[in-house]
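The values are calculated or read from the model by the stated rules, or taken from the named source; none is laboratory data. Quick caveat, the model's predicted, so the values are computed rather than measured. Virtual Cβ from ideal backbone geometry, glycine too; neighbours counted across all protein chains shown.
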Amino acid sequence: MTSPVWHPFTQHGLNEPIPHVVRAEGALLHLADGSTLIDGISSWWVTTHGHCHPRIAAAIAQQAGQLDQLIFAGYTHEPAETVARGLIEIAPYAPGCDPLAHVFFSDSGSTAVEVALKMALGYWHNLALDGLAEARSRILVLEHGYHGDTIGTMSVGERGVYNAAWAPLLFDVCTVPFPAPGREQACLDALEAACRDKPAAFIVEPLLLGAGGMLLYPPPVLREMAAICRRHDVLFIADEVMTGWGRTGTLFACEQAGVVPDIMAVAKGITGGAIPLAATLATARIFEAHRSSDRARLFYHSSSYTANAIACAAAVANLAIWREEDVRGRIAALTDGIATRLAELAAHPAFAHPRQLGTIAAIDIVTADAGYLSDLAPRLRAFFLRHGLLLRPLGNTIYLMPPYCIDTEQLDCVFAALVAAGDHFS
Ligand code: PLP
(Lines give C-alpha, C1' and ligand atoms only; values in the text may rest on other atoms or scores of the structure.)
Protein backbone atom coordinates (compact mmCIF):
# COMPACT_ATOMS: atom_id res chain seq x y z
CA MET A 1 0.00 0.00 0.00
CA THR A 2 1.44 3.40 -0.91
CA SER A 3 1.81 5.77 2.01
CA PRO A 4 0.36 9.29 1.77
CA VAL A 5 3.15 10.61 4.03
CA TRP A 6 5.43 13.26 2.50
CA HIS A 7 8.73 13.02 4.39
CA PRO A 8 11.13 15.94 5.04
CA PHE A 9 14.41 16.07 3.10
CA THR A 10 13.47 12.78 1.46
CA GLN A 11 13.93 11.92 -2.19
CA HIS A 12 10.70 10.02 -2.75
CA GLY A 13 11.55 9.42 -6.41
CA LEU A 14 14.23 6.92 -5.43
CA ASN A 15 11.47 4.58 -4.24
CA GLU A 16 13.72 3.34 -1.46
CA PRO A 17 12.07 1.44 1.36
CA ILE A 18 11.28 3.71 4.31
CA PRO A 19 12.07 1.86 7.55
CA HIS A 20 9.12 1.62 9.90
CA VAL A 21 10.25 2.06 13.51
CA VAL A 22 7.97 0.76 16.25
CA ARG A 23 10.00 1.20 19.43
CA ALA A 24 13.24 2.69 20.70
CA GLU A 25 15.41 2.61 23.76
CA GLY A 26 18.87 4.05 24.41
CA ALA A 27 20.81 4.05 21.14
CA LEU A 28 18.61 1.38 19.52
CA LEU A 29 15.65 1.61 17.15
CA HIS A 30 13.43 -1.47 16.74
CA LEU A 31 11.89 -1.92 13.30
CA ALA A 32 8.53 -3.43 12.39
CA ASP A 33 10.29 -6.38 10.71
CA GLY A 34 11.99 -7.30 14.00
CA SER A 35 15.43 -5.94 13.10
CA THR A 36 17.26 -3.16 14.96
CA LEU A 37 19.25 -0.08 13.98
CA ILE A 38 21.87 1.80 15.97
CA ASP A 39 20.88 5.45 15.92
CA GLY A 40 24.24 6.98 14.96
CA ILE A 41 22.94 10.55 14.75
CA SER A 42 20.55 10.66 17.72
CA SER A 43 17.57 10.96 15.37
CA TRP A 44 18.66 14.30 13.91
CA TRP A 45 20.95 15.27 16.78
CA VAL A 46 18.27 15.46 19.45
CA THR A 47 18.17 12.35 21.69
CA THR A 48 21.19 13.29 23.77
CA HIS A 49 20.59 10.81 26.61
CA GLY A 50 19.18 8.13 24.30
CA HIS A 51 15.62 7.25 23.35
CA CYS A 52 12.83 6.96 25.91
CA HIS A 53 14.89 7.97 28.95
CA PRO A 54 12.69 6.77 31.85
CA ARG A 55 12.87 10.07 33.79
CA ILE A 56 11.83 12.10 30.78
CA ALA A 57 9.09 9.64 29.79
CA ALA A 58 7.73 9.71 33.36
CA ALA A 59 7.77 13.52 33.49
CA ILE A 60 5.84 13.69 30.21
CA ALA A 61 3.23 11.18 31.44
CA GLN A 62 2.78 12.99 34.75
CA GLN A 63 2.43 16.43 33.15
CA ALA A 64 0.04 15.15 30.46
CA GLY A 65 -2.39 14.21 33.21
CA GLN A 66 -2.03 17.49 35.11
CA LEU A 67 -1.80 20.43 32.70
CA ASP A 68 -1.25 19.75 29.03
CA GLN A 69 -1.39 23.08 27.24
CA LEU A 70 -1.95 26.69 28.21
CA ILE A 71 -2.11 29.87 26.18
CA PHE A 72 1.23 31.48 27.04
CA ALA A 73 0.38 35.07 26.13
CA GLY A 74 -0.01 36.55 29.57
CA TYR A 75 -0.38 33.20 31.44
CA THR A 76 2.28 30.97 32.92
CA HIS A 77 2.90 27.58 34.53
CA GLU A 78 5.51 26.08 36.82
CA PRO A 79 7.30 23.86 34.25
CA ALA A 80 8.00 26.90 32.04
CA GLU A 81 9.17 28.99 35.01
CA THR A 82 11.47 26.17 36.16
CA VAL A 83 12.97 25.66 32.71
CA ALA A 84 13.53 29.40 32.26
CA ARG A 85 15.29 29.67 35.63
CA GLY A 86 17.30 26.54 34.86
CA LEU A 87 18.41 27.84 31.47
CA ILE A 88 19.53 31.15 32.93
CA GLU A 89 21.54 29.28 35.58
CA ILE A 90 23.45 27.16 33.06
CA ALA A 91 23.78 29.67 30.20
CA PRO A 92 27.30 30.76 29.21
CA TYR A 93 28.58 33.36 31.66
CA ALA A 94 31.72 35.48 31.86
CA PRO A 95 32.69 38.29 34.23
CA GLY A 96 32.20 41.70 32.65
CA CYS A 97 29.65 40.45 30.10
CA ASP A 98 25.91 41.11 30.28
CA PRO A 99 24.40 37.78 31.33
CA LEU A 100 21.62 36.05 29.41
CA ALA A 101 18.66 36.89 31.61
CA HIS A 102 15.39 36.28 29.72
CA VAL A 103 13.95 33.21 27.99
CA PHE A 104 11.47 33.19 25.11
CA PHE A 105 10.02 29.76 24.33
CA SER A 106 9.19 28.30 20.93
CA ASP A 107 9.05 24.84 19.43
CA SER A 108 11.90 24.18 17.00
CA GLY A 109 15.45 25.27 16.28
CA SER A 110 14.23 27.22 13.27
CA THR A 111 11.71 29.20 15.28
CA ALA A 112 14.27 29.81 18.04
CA VAL A 113 16.53 31.38 15.39
CA GLU A 114 13.64 33.31 13.79
CA VAL A 115 12.86 34.70 17.23
CA ALA A 116 16.53 35.63 17.70
CA LEU A 117 16.51 37.56 14.42
CA LYS A 118 13.21 39.28 15.31
CA MET A 119 14.58 40.21 18.75
CA ALA A 120 17.69 41.74 17.17
CA LEU A 121 15.75 43.88 14.70
CA GLY A 122 13.11 44.66 17.32
CA TYR A 123 15.84 45.95 19.63
CA TRP A 124 17.16 48.42 17.07
CA HIS A 125 13.65 49.34 15.91
CA ASN A 126 12.55 50.23 19.45
CA LEU A 127 15.75 52.13 20.20
CA ALA A 128 15.14 54.14 17.03
CA LEU A 129 11.57 54.92 18.17
CA ASP A 130 13.13 56.51 21.25
CA GLY A 131 15.71 58.34 19.14
CA LEU A 132 18.48 56.42 20.92
CA ALA A 133 19.97 54.77 17.82
CA GLU A 134 19.51 54.42 14.10
CA ALA A 135 17.23 51.56 13.06
CA ARG A 136 19.40 48.70 11.84
CA SER A 137 18.20 45.75 9.81
CA ARG A 138 21.12 44.06 8.07
CA ILE A 139 22.21 40.63 9.30
CA LEU A 140 25.77 39.32 8.99
CA VAL A 141 26.12 35.58 8.52
CA LEU A 142 28.93 33.09 8.27
CA GLU A 143 29.58 31.30 4.98
CA HIS A 144 28.30 27.67 4.93
CA GLY A 145 25.95 28.35 7.85
CA TYR A 146 22.69 26.50 8.41
CA HIS A 147 19.99 27.79 10.75
CA GLY A 148 16.80 26.06 9.61
CA ASP A 149 14.28 25.85 6.79
CA THR A 150 11.85 28.68 7.42
CA ILE A 151 12.04 31.77 5.21
CA GLY A 152 14.03 33.80 7.75
CA THR A 153 16.42 31.02 8.69
CA MET A 154 17.02 30.07 5.06
CA SER A 155 17.81 33.73 4.41
CA VAL A 156 20.65 33.65 6.95
CA GLY A 157 21.88 30.24 5.79
CA GLU A 158 23.95 29.10 2.85
CA ARG A 159 22.18 29.42 -0.52
CA GLY A 160 22.11 26.43 -2.83
CA VAL A 161 19.99 23.88 -4.61
CA TYR A 162 18.13 23.16 -1.37
CA ASN A 163 16.59 26.65 -1.23
CA ALA A 164 16.85 27.87 -4.84
CA ALA A 165 13.08 27.59 -5.40
CA TRP A 166 12.41 30.13 -2.67
CA ALA A 167 15.18 32.61 -3.52
CA PRO A 168 12.62 35.36 -4.32
CA LEU A 169 11.32 35.13 -0.74
CA LEU A 170 14.71 35.33 1.00
CA PHE A 171 16.13 38.60 2.30
CA ASP A 172 19.64 39.86 1.57
CA VAL A 173 22.38 39.31 4.10
CA CYS A 174 26.10 40.06 4.21
CA THR A 175 28.20 36.88 4.21
CA VAL A 176 31.50 36.68 6.09
CA PRO A 177 33.93 34.03 4.78
CA PHE A 178 34.28 30.85 6.82
CA PRO A 179 37.48 30.88 8.95
CA ALA A 180 39.06 27.82 7.32
CA PRO A 181 42.60 27.02 8.49
CA GLY A 182 44.89 29.79 7.19
CA ARG A 183 41.92 32.09 6.46
CA GLU A 184 41.06 33.03 10.04
CA GLN A 185 42.40 36.58 9.81
CA ALA A 186 40.68 37.17 6.46
CA CYS A 187 37.41 36.14 8.07
CA LEU A 188 37.92 38.42 11.07
CA ASP A 189 38.96 41.35 8.84
CA ALA A 190 35.85 40.86 6.69
CA LEU A 191 33.68 40.75 9.81
CA GLU A 192 35.25 43.95 11.14
CA ALA A 193 34.74 45.72 7.79
CA ALA A 194 31.11 44.57 7.62
CA CYS A 195 30.50 45.72 11.21
CA ARG A 196 31.50 49.29 10.26
CA ASP A 197 28.31 49.49 8.12
CA LYS A 198 26.21 49.23 11.29
CA PRO A 199 24.40 45.91 10.79
CA ALA A 200 21.87 44.76 13.38
CA ALA A 201 23.50 41.46 14.28
CA PHE A 202 25.93 38.70 13.39
CA ILE A 203 24.66 35.11 13.65
CA VAL A 204 26.97 32.10 13.99
CA GLU A 205 27.01 28.44 14.82
CA PRO A 206 29.75 28.47 17.47
CA LEU A 207 32.85 26.33 16.73
CA LEU A 208 31.13 23.91 14.37
CA LEU A 209 29.02 24.44 11.25
CA GLY A 210 26.82 21.37 11.16
CA ALA A 211 24.63 20.89 8.11
CA GLY A 212 27.12 23.01 6.11
CA GLY A 213 29.58 20.09 6.24
CA MET A 214 30.68 19.58 9.87
CA LEU A 215 33.29 22.33 9.55
CA LEU A 216 35.29 23.30 12.64
CA TYR A 217 36.93 26.55 13.65
CA PRO A 218 38.81 27.21 16.88
CA PRO A 219 37.67 29.00 20.08
CA PRO A 220 40.05 32.00 19.68
CA VAL A 221 38.34 32.86 16.37
CA LEU A 222 34.90 32.68 18.00
CA ARG A 223 36.21 34.85 20.87
CA GLU A 224 37.55 37.44 18.42
CA MET A 225 34.29 37.42 16.41
CA ALA A 226 32.38 38.25 19.58
CA ALA A 227 34.93 40.94 20.52
CA ILE A 228 34.63 42.60 17.09
CA CYS A 229 30.83 42.65 17.38
CA ARG A 230 31.07 44.13 20.85
CA ARG A 231 33.47 46.87 19.68
CA HIS A 232 30.99 47.90 16.98
CA ASP A 233 27.84 47.37 19.06
CA VAL A 234 26.61 44.67 16.68
CA LEU A 235 24.45 42.08 18.44
CA PHE A 236 26.11 38.66 18.62
CA ILE A 237 23.68 35.77 18.09
CA ALA A 238 24.87 32.25 18.88
CA ASP A 239 22.87 29.46 17.28
CA GLU A 240 23.53 26.62 19.75
CA VAL A 241 20.70 24.50 18.33
CA MET A 242 23.13 21.77 17.26
CA THR A 243 26.16 22.53 19.44
CA GLY A 244 24.20 22.85 22.69
CA TRP A 245 23.53 20.22 25.35
CA GLY A 246 27.03 18.82 25.56
CA ARG A 247 27.53 17.91 21.92
CA THR A 248 30.88 19.70 21.61
CA GLY A 249 32.19 18.54 25.00
CA THR A 250 30.94 21.50 27.06
CA LEU A 251 27.29 22.19 27.79
CA PHE A 252 27.34 25.03 25.25
CA ALA A 253 30.07 25.59 22.65
CA CYS A 254 30.36 29.31 23.53
CA GLU A 255 31.81 28.29 26.91
CA GLN A 256 34.99 27.07 25.19
CA ALA A 257 35.67 30.61 23.99
CA GLY A 258 34.43 32.39 27.13
CA VAL A 259 31.81 34.09 24.97
CA VAL A 260 28.45 35.31 26.26
CA PRO A 261 26.21 36.07 23.26
CA ASP A 262 23.58 38.81 23.33
CA ILE A 263 21.05 36.28 22.05
CA MET A 264 21.31 32.48 22.07
CA ALA A 265 19.04 29.92 20.38
CA VAL A 266 18.71 26.41 21.84
CA ALA A 267 16.48 23.48 20.89
CA LYS A 268 17.06 19.77 20.05
CA GLY A 269 18.49 18.35 23.32
CA ILE A 270 16.54 20.78 25.54
CA THR A 271 14.01 17.99 26.24
CA GLY A 272 16.60 15.25 25.87
CA GLY A 273 15.11 14.91 22.39
CA ALA A 274 11.77 13.48 23.48
CA ILE A 275 9.36 16.25 22.45
CA PRO A 276 9.67 19.56 20.57
CA LEU A 277 10.68 22.65 22.52
CA ALA A 278 13.09 25.49 21.87
CA ALA A 279 14.17 28.67 23.58
CA THR A 280 15.79 31.97 22.71
CA LEU A 281 17.77 33.54 25.54
CA ALA A 282 18.49 37.27 25.58
CA THR A 283 20.30 39.79 27.75
CA ALA A 284 18.40 42.36 29.80
CA ARG A 285 18.98 45.18 27.32
CA ILE A 286 17.22 43.26 24.53
CA PHE A 287 14.27 42.51 26.83
CA GLU A 288 14.17 46.05 28.24
CA ALA A 289 13.96 47.51 24.73
CA HIS A 290 10.69 45.59 24.33
CA ARG A 291 9.31 46.24 27.83
CA SER A 292 6.95 49.15 27.43
CA SER A 293 3.36 50.16 27.98
CA ASP A 294 3.40 51.29 24.33
CA ARG A 295 1.78 48.58 22.18
CA ALA A 296 4.04 49.46 19.26
CA ARG A 297 7.03 48.07 21.14
CA LEU A 298 5.94 44.70 22.49
CA PHE A 299 7.48 41.59 21.01
CA TYR A 300 5.03 40.43 18.36
CA HIS A 301 5.74 36.72 18.15
CA SER A 302 3.89 33.63 19.31
CA SER A 303 2.68 30.24 18.26
CA SER A 304 -0.26 28.28 19.68
CA TYR A 305 2.03 25.85 21.49
CA THR A 306 4.55 28.35 22.93
CA ALA A 307 5.99 26.78 26.11
CA ASN A 308 3.72 23.72 25.91
CA ALA A 309 3.53 22.42 29.48
CA ILE A 310 4.27 18.78 28.57
CA ALA A 311 7.36 19.81 26.60
CA CYS A 312 8.49 22.06 29.46
CA ALA A 313 8.08 19.16 31.92
CA ALA A 314 10.35 17.08 29.69
CA ALA A 315 12.89 19.93 29.74
CA VAL A 316 12.68 20.12 33.55
CA ALA A 317 13.52 16.39 33.64
CA ASN A 318 16.39 16.95 31.20
CA LEU A 319 17.83 19.71 33.39
CA ALA A 320 17.58 17.38 36.41
CA ILE A 321 19.41 14.65 34.50
CA TRP A 322 22.20 17.13 33.73
CA ARG A 323 22.36 18.15 37.40
CA GLU A 324 22.09 14.72 39.00
CA GLU A 325 23.59 12.19 36.59
CA ASP A 326 27.15 11.95 35.33
CA VAL A 327 26.30 13.22 31.84
CA ARG A 328 29.65 15.00 31.56
CA GLY A 329 31.46 11.75 32.44
CA ARG A 330 29.51 9.93 29.70
CA ILE A 331 30.37 12.66 27.21
CA ALA A 332 34.07 12.50 28.13
CA ALA A 333 34.13 8.70 27.77
CA LEU A 334 32.27 8.85 24.44
CA THR A 335 34.60 11.58 23.20
CA ASP A 336 37.62 9.37 23.98
CA GLY A 337 35.95 6.29 22.48
CA ILE A 338 35.24 8.13 19.25
CA ALA A 339 38.75 9.67 19.12
CA THR A 340 40.52 6.29 19.30
CA ARG A 341 38.32 4.70 16.67
CA LEU A 342 38.38 7.75 14.38
CA ALA A 343 42.21 7.76 14.42
CA GLU A 344 42.17 4.11 13.28
CA LEU A 345 39.59 4.83 10.60
CA ALA A 346 41.64 7.76 9.30
CA ALA A 347 44.37 5.28 8.30
CA HIS A 348 41.96 3.73 5.80
CA PRO A 349 42.83 4.99 2.29
CA ALA A 350 39.16 5.62 1.48
CA PHE A 351 38.93 8.40 4.07
CA ALA A 352 40.29 11.93 4.52
CA HIS A 353 39.86 14.93 6.82
CA PRO A 354 38.92 13.26 10.09
CA ARG A 355 37.61 15.85 12.53
CA GLN A 356 36.00 15.75 15.93
CA LEU A 357 34.64 18.10 18.54
CA GLY A 358 33.37 16.33 21.63
CA THR A 359 30.80 13.73 20.61
CA ILE A 360 30.58 14.95 17.01
CA ALA A 361 32.89 13.25 14.52
CA ALA A 362 33.13 13.57 10.75
CA ILE A 363 35.27 12.16 7.99
CA ASP A 364 35.15 12.52 4.20
CA ILE A 365 35.01 9.57 1.87
CA VAL A 366 37.47 10.05 -1.01
CA THR A 367 35.50 9.74 -4.21
CA ALA A 368 35.06 11.56 -7.51
CA ASP A 369 31.25 11.92 -7.21
CA ALA A 370 31.29 13.97 -4.03
CA GLY A 371 28.96 16.82 -5.07
CA TYR A 372 25.74 17.66 -3.25
CA LEU A 373 23.66 16.51 -6.22
CA SER A 374 25.42 13.18 -6.64
CA ASP A 375 23.59 10.10 -5.40
CA LEU A 376 26.48 9.18 -3.10
CA ALA A 377 24.75 10.26 0.13
CA PRO A 378 21.57 8.20 -0.50
CA ARG A 379 23.69 5.22 -1.54
CA LEU A 380 25.77 5.53 1.64
CA ARG A 381 22.61 5.89 3.70
CA ALA A 382 21.17 2.70 2.19
CA PHE A 383 24.49 0.90 2.74
CA PHE A 384 24.50 1.83 6.43
CA LEU A 385 20.88 0.77 6.75
CA ARG A 386 21.82 -2.67 5.45
CA HIS A 387 24.56 -2.69 8.13
CA GLY A 388 22.10 -1.94 10.95
CA LEU A 389 23.02 1.71 11.29
CA LEU A 390 21.10 4.97 10.95
CA LEU A 391 23.46 7.56 9.44
CA ARG A 392 22.69 10.45 7.09
CA PRO A 393 25.86 11.55 5.29
CA LEU A 394 26.13 15.09 3.92
CA GLY A 395 27.50 14.61 0.39
CA ASN A 396 30.75 12.67 0.91
CA THR A 397 30.97 13.67 4.59
CA ILE A 398 30.02 10.89 6.97
CA TYR A 399 29.37 12.11 10.47
CA LEU A 400 28.40 10.65 13.83
CA MET A 401 26.45 12.26 16.62
CA PRO A 402 25.39 9.31 18.80
CA PRO A 403 23.41 9.45 22.03
CA TYR A 404 25.68 9.72 25.07
CA CYS A 405 24.47 6.30 26.31
CA ILE A 406 25.78 4.36 23.29
CA ASP A 407 27.90 1.47 24.62
CA THR A 408 31.34 0.37 23.43
CA GLU A 409 29.97 -2.66 21.59
CA GLN A 410 27.51 -0.47 19.67
CA LEU A 411 30.28 2.05 18.94
CA ASP A 412 32.43 -0.79 17.59
CA CYS A 413 29.53 -1.79 15.29
CA VAL A 414 29.25 1.79 14.05
CA PHE A 415 32.94 1.97 13.17
CA ALA A 416 32.90 -1.53 11.63
CA ALA A 417 30.16 -0.27 9.29
CA LEU A 418 32.30 2.79 8.44
CA VAL A 419 35.26 0.55 7.56
CA ALA A 420 32.94 -1.59 5.40
CA ALA A 421 31.73 1.58 3.65
CA GLY A 422 35.33 2.60 3.00
CA ASP A 423 36.05 -0.81 1.44
CA HIS A 424 32.86 -0.70 -0.61
CA PHE A 425 32.88 2.86 -1.93
CA SER A 426 36.57 3.50 -2.60
N1 PLP B 1 20.24 25.76 13.69
C2 PLP B 1 21.12 24.77 13.57
C3 PLP B 1 22.57 25.06 13.82
C4 PLP B 1 20.73 23.48 13.22
O5 PLP B 1 21.64 22.52 13.09
C6 PLP B 1 19.35 23.25 13.01
C7 PLP B 1 18.88 21.89 12.64
O8 PLP B 1 19.61 20.99 12.41
C9 PLP B 1 18.45 24.31 13.14
C10 PLP B 1 18.92 25.55 13.50
C11 PLP B 1 16.98 24.10 12.90
O12 PLP B 1 16.45 23.34 13.92
P13 PLP B 1 15.06 22.57 13.71
O14 PLP B 1 15.32 21.48 12.74
O15 PLP B 1 14.69 22.08 15.08
O16 PLP B 1 14.09 23.58 13.19
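Details
- Residues in the range 349-359 include at least one that is touching a residue at least 60 places away in the same chain (Cβ under 8 Å), of a type outside the set (S, T, N, Q) and more than 21 Å from L208 (Cα to Cα).
- Residues in the range 277-324 that are more than 30 Å from G65 (Cα to Cα) and either within 16 Å of the ligand (Cβ to nearest atom) or among the acidic types (D, E) (or both): 2 in all.
- Of all the listed residues (A274, A317, A265, A296), the sole one being in the same structural domain as G86 (by TED's automatic domain parsing), surrounded by 20 or more Cβ atoms within 10 Å (Cβ to Cβ) and under 26 Å from M119 (Cβ atoms) is A265.
- Unique match (being crowded, with 21+ Cβ neighbours inside 10 Å, in contact (Cβ under 8 Å) with a residue 60 or more places away in the chain and under 18 Å from L31 (Cβ atoms)) among L385, L391, L400: L391
- Contact map, the range 178-207: first residue under 23 Å from E240 (Cβ atoms) and in contact (Cβ under 8 Å) with a residue 24 or more places away in the chain, second residue assigned to a loop (DSSP other than H, G, I, E, B) and hydrophobic (A, V, I, L, M, F, W, C), Cβ cut-off under 6 Å, separation 6 or more or different chains; pairs are C195/V234; P199/V234; F202/V234; I203/V156.
- When the test is whether a residue is assigned to a loop (DSSP other than H, G, I, E, B), assigned by TED's automatic domain parsing to the domain that holds A257 and within 12 Å of the ligand (Cβ to nearest atom), G157 passes it.
- Some residue of the range 14-26 being among the hydrophobic types (A, V, I, L, M, F, W, C), exposed (fewer than 12 other Cβ atoms within 10 Å of the Cβ) and closer than 18 Å to Y399 by Cβ: no
- Considering (1) under 24 Å from Y399 (Cβ atoms); (2) more than 15 Å from the ligand (Cβ to nearest atom), the lone condition that G258 does not fulfil carries the number (1).
- Residue match in the range 203-214 (condition: assigned by TED's automatic domain parsing to the domain that holds I286 and farther than 23 Å from A253 by Cα): no
- The listed residues are L191, L169, and the only one of them that is modelled with pLDDT of 95 or more and exposed (fewer than 13 other Cβ atoms within 10 Å of the Cβ) turns out to be L169.
- Evaluated against (1) within 16 Å of the ligand (Cβ to nearest atom); (2) at pLDDT 95 or above; (3) in a loop (DSSP other than H, G, I, E, B), Y162 falls short on exactly one condition, (2).
- Residue-level check: of (1) within 13 Å of the ligand (Cβ to nearest atom); (2) small (G, A, S); (3) over 27 Å from A133 (Cβ atoms), G249 misses just (1).
- Odd one out for L222, checked against (1) more than 16 Å from the ligand (Cβ to nearest atom); (2) under 21 Å from P261 (Cβ atoms): (1)
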